[in-house]
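The numbers here are math on the coordinates, done by the rules we state, and not lab data. What you are looking at is a predicted structure, and each value in this text was computed from that prediction instead of being measured. Here the Cβ positions follow ideal geometry from the backbone for every residue, glycine too, while neighbour counts run over all protein chains shown.
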Amino acid sequence: MRDLDIRLVPVLNDNYVHLIHDTATGKTACVDPATDAPVIAAARDWGWEISHILVTHPHYDHTDGVPAILDAFPGAAVYGSRHDLGIIPKCDHGVIDGDVIDVGAARATVLDVPGHTVHHVAYHFADAHAVFVGDTLFSLGCGRLFGGTAEQMWASLKKLRALPGRTRVYPAHEYTNANADFALTVDPDNPDLQARADAVLKLREAGEPTIPVAMDMEARTNPFLRCDVPSFMAHLGMGDGDPAKVFAELRSRKDTF
Ligand code: ZN
Ligand code: FE
């Protein structure tokens with residue numbers, strides 16, 4: 001397994017910018033820089049030279065830091081969906097599903113995971129068991145539909161859920177506690193969810209992040225990943241329904257929660 005040092009930088013109200021440092025080569029990737037100053041400061045503090053900027057989608061709270069980070073670390077390569085070239089600031093490497101990006105000795109595979117936005121990618125470091133999912137998947141929740149369809153989002157969530165269970169999930173926001181409140185209203189009898197909600201509350205009270213979280217934990221506790229689980233579908237009264245419709249129903253309930 002590659003020796004990757006992954007650290008998060010909390011910025012704005014609830015965003016995380018993730019820094020991925022390959023200790024073998026010193027190469028460092030920065031995921032979804034919502035802003036610049038705290039990211040540059042953290043990298044300098046740790047002696048890390050940012051060589052790659054990986055953007056999941058073009059919302060400002062994932063891209064605003066790109067220009068100033070490039071000024072601070074000239075030569076860093078900026079990656080984003082090929083469809084968002086010209087939209088993501090300074091993005092010079094358009095990627096599509098299946099592309100690979102080498103960050104030193106570590107390799108990321110691009111996964112197309114549309115739904116939150118019409119184009120959205122995730123970066124999967126398979127050897128390091130880590131996936132950077134932007135606003136597609138949150139712990140105990142998922143992104144709102146700001147461009148894609150419920151069908152697309154459900155397909156994207158299933159694709160992420162199919163990654164190995166030990167994969168650590170790194171979303172771009174700390175929404176877990178609020179997501180737990182909603183999740184418990186739709187899946188109140190799920191003991192794994194109850195335990196996770198308690199653990200999340202304790203982490204937040206201690207000022208700690210609730211991520212990363214293992215994919216197998218998310219698969220058991222996140223209602224948006226359970227839209228095809230028969231017992232959960234039956235509990236919602238949609239037992240013989242289409243999982244994408246179950247997803248759409250959950251998403252619309254959460255939108256007004
Ligand atoms: Zn977004
Ligand atoms: Fe966001």
(request) Just round it to a whole percent: the fraction of Cα-Cα distances in the chain exceeding 32 Å. (result) 19
(message) Could you sort the peptides 134-140, 214-220 by per-residue average Cβ neighbour count (10 Å cutoff), highest mean leading?
(response) 134-140, 214-220
(request) Using only the Cα atoms of the stretch 74-168, build the gyration tensor, take square roots of its eigenvalues as a ≥ b ≥ c, and label the shape rounded, prolate or oblate: rounded if a/c is under 1.5, else prolate if a/b is larger than b/c, else oblate. (result) oblate
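In debye, nearest 20, what is the charge dipole magnitude of the stretch 147-256 about its Cα centre with +1 on Lys and Arg Cβ and -1 on Asp and Glu Cβ, if you could check?
320
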(message) Using only the alpha-carbon atoms, how far is helix 191-205 inclined from the longest principal axis of the chain? Give it as 0 to 90 degrees, nearest 10.
(response) 40
(message) Which entries of 27/202; 27/90; 27/158 have Cα-Cα distances beyond 26 Å here?
(response) 27/202; 27/158
(message) Could you work out the relative contact order of the chain? I mean the mean sequence separation of Cα pairs under 8 Å and 6+ apart, divided by the number of residues, in percent.
(response) 13
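Which of the peptides 235-241, 93-99, 15-21 is most tightly packed, and how do the rest follow, judged by the mean count of other Cβ atoms within 10 Å per residue?
In decreasing order of mean packing, 235-241, 93-99, 15-21 become 15-21, 93-99, 235-241.
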(message) Let me check against my output: what whole-number percent is the relative contact order of the stretch 62-189, with C-alpha pairs under 8 Å and at least 6 apart?
(response) 18
